[in-house]
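What follows is calculated from the coordinates using simple rules that are stated; it is not laboratory data. Predicted model, so just to flag it, every value in this text is computed and none were measured. Every residue, glycine as well, gets a Cβ built from its backbone with ideal geometry; the counts of neighbours run over all protein chains shown.
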Amino acid sequence: AQKVTQAQTEISVVEKEDVTLDCVYETRDTTYYLFWYKQPPSGELVFLIRRNSFDEQNEISGRYSWNFQKSTSSFNFTITASQVVDSAVYFCALSEGTSGTYKYIFGTGTRLKVLA
Amino acid sequence: DSGVTQTPKHLITATGQRVTLRCSPRSGDLSVYWYQQSLDQGLQFLIQYYNGEERAKGNILERFSAQQFPDLHSELNLSSLELGDSALYFCASSPSQGAVTEAFFGQGTRLTVV
């Protein structure tokens, strides 16, 4: 069955530290999609990145970078030089079609606290 | 702003009552997803509609129902409410039939059942 594991429930770092949020997924499908979302204290879910299973290139967007490794079924997210505004809950999600239809399956989230 | 509008933002109601949550998707998006976020369950998929038709069903209780109207807005109806139904309910929209592109989420409706 498809599953997403975010083993880190909560992480605290001091501003300007780098931090990596782990995401491990399970799927038997060869075609799947991975996502990261941010949920700041205000509550809305903000889309950060989408990756398909055929594209293992790592991606960098400003202070954010993502490391996709099919060999370890991981899609980790690194924030470089963290800032207080990065404090939020971050969700990793998987979409694949073995259940007959694609739908988003979310991990339980990692709460990141960046201290000034 | 994601472009997805949910109303109301907050709702307080008593056990046994019925409520309707409304969602307007982003312009052009045909898929609407409903999710429930509670403290102990995380983000749980409830149901998806695509262009007016039910497309996928998750862990949606029989007391809950949804529909998508011709103008593509969607409503989630929750009836015979229980204390455990208190949660944040999210609507998300995407242009695709399946979850192969990113979905954009509304700000959620916080339901409190007392």
Which log10 I(q)/I(0) values does chain B give at q = 0.22 Å⁻¹ under the Debye formula, counting every alpha carbon as one identical point scatterer? -1.22
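In percent, what relative contact order does chain B have, based on Cα pairs under 8 Å that are 6 or more apart in sequence? Write down the numbers at each step before the final one.
Values: 294 pairs, mean separation 42.5, N = 114.
With pairs under 8 Å counted, the relative contact order is 37 percent.
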Shielding by partners - mean other protein chain Cβ count within 10 Å, residues of A:102-113: 4
Please list 3J(HN,Hα) in residue order for segment B:33-49, calculated via the Karplus relation 6.51 cos²θ - 1.76 cosθ + 1.60 where θ = phi - 60°; whole Hz, with x for glycine and proline. 10, 10, 10, 10, 10, 10, 4, 9, 10, x, 8, 10, 6, 9, 6, 10, 10
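Are any of the pairs A:38/B:57; A:3/B:57; A:16/A:38 more than 23 Å apart by Cα-Cα distance, and if so, which?
Checking Cα-Cα distances, A:38/B:57 exceed 23 Å.
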Hz values of 3J(HN,Hα) by residue in segment B:80-89 - Karplus curve (6.51, -1.76, 1.60), Gly and Pro given as x: 6, 4, 10, 4, x, 7, 4, 5, 9, 10
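Can you list which of the GluC sites (Glu not before Pro) found in segment A:32-65 are DSSP loop residues with at most 13 other C-beta atoms within 10 Å? Walk me through the intermediate numbers first.
Values: sites: A:44, A:56, A:59; in loops: A:44, A:56.
When the GluC sites (Glu not before Pro) of segment A:32-65 are filtered for loop state and at most 13 Cβ neighbours within 10 Å, A:56 remain.
Could you work out the mean count of beta carbons from other protein chains within 10 Å of each residue's beta carbon in B:99-112?
Numbers: counts 13, 9, 7, 11, 9, 4, 7, 2, 4, 5, 0, 1, 0, 0.
Mean inter-chain Cβ contacts per residue within 10 Å come to 5.
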Give, to the nearest whole percent, the P(r) tail of the protein assembly as shown beyond 34 angstrom, counting all Cα pairs. 14
Any residue on another chain or 5+ positions along whose placed amide H is under 5 Å from the amide H of residue A:109 is listed here as A:6, A:92
Among residues other than residue A:9 whose Cβ falls under 14 Å from its Cβ, what is the net charge (Lys/Arg +1, Asp/Glu -1)? -1
Counting each pair of different Cα atoms once, what's the Kirkwood radius of chain A in Å, rounded to one decimal? 14.4
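Trypsin sites (Lys or Arg not before Pro) within segment A:1-106: which are DSSP loop residues with at most 11 other Cβ atoms inside 10 Å?
When the trypsin sites (Lys or Arg not before Pro) of segment A:1-106 are filtered for loop state and at most 11 Cβ neighbours within 10 Å, A:16, A:28 remain.
May I ask you to order B:6-17, B:40-51 by the average number of other C-beta atoms within 10 Å around their residues, highest value first? Please report the intermediate quantities before stating the final value.
On the way: B:6-17: 12.9, B:40-51: 18.3.
Highest to lowest by the protection proxy: B:40-51, B:6-17.
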